[in-house]
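Worksheet: one structure, shown below.
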Amino acid sequence: MCCCGCPACAVNEIKTLSWTDGFVVVSMAVASLGLAATSVVTAVFWKHNNTPVVKASTRELSYLILVGLALAYAATFALIAKPTPTACAAAGIMPGVAFAFVYGALVTKTNRIARILAGSKKKIITRKLRFMSATAQVASLSSPSQTLVFRRLRPGAPETTKGRGQPRA
């Protein structure tokens, strides 16, 4: 079965991975261990949610990183699954969104720390730094991710090409 019903899939044979192949089993085992480790870290964060260490690590952004890691590990199963419209949509979206969450949160944390340190060098701070709240940072991170997901899910099959921009017959 083809994901998008494109004419190229009707002509070409679709090869899928078997759940019993050696490298597939290893990939699923590593992904399962990663999901388990992410779940344990999330549970520890949740249990110690109001401690100074967790508060200092910017809780909301840390949770976004953990969600991104869980999505990245879960993407393994979507990439291995037989092609269906749902599996293909998940395989196309999950890795990108996962890494957008992880890297976006890390860059936002780094930017926040840099802005705080740059503000502390001034002798007199005349105004409050803008967009430093956790809500503002999560909102600035989630909007581009949502845009990318909605663009990926737009209706219509992707154009398949053969060679240098030549449409397939």
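The values are calculated or read from the model by the stated rules, or taken from the named source; none is laboratory data. The structure presented is a predicted model; accordingly, all values stated were derived computationally and were not measured. When we count neighbours, we look across all protein chains shown, and the Cβ atoms used for this are built from the backbone with ideal geometry, even at glycine.
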query: Which pairs have Cβ atoms under 7 Å, sit 6 or more apart or on different chains, and link a residue in region 73-94 that is closer than 20 Å to L33 by Cα and assigned to a helix (DSSP H, G or I) to one that is at pLDDT 90 or above and of a type in the set (V, I, T)?
result: Y73/T38; I80/V24
query: Here are some residues: A8, A89, A72, A78. Which one is surrounded by 13 or more Cβ atoms within 10 Å (Cβ to Cβ), of a type outside the set (F, W, Y), at pLDDT 85 or above and in contact with a Cys (Cβ under 9 Å, 6 or more places away or on another chain)?
result: A78
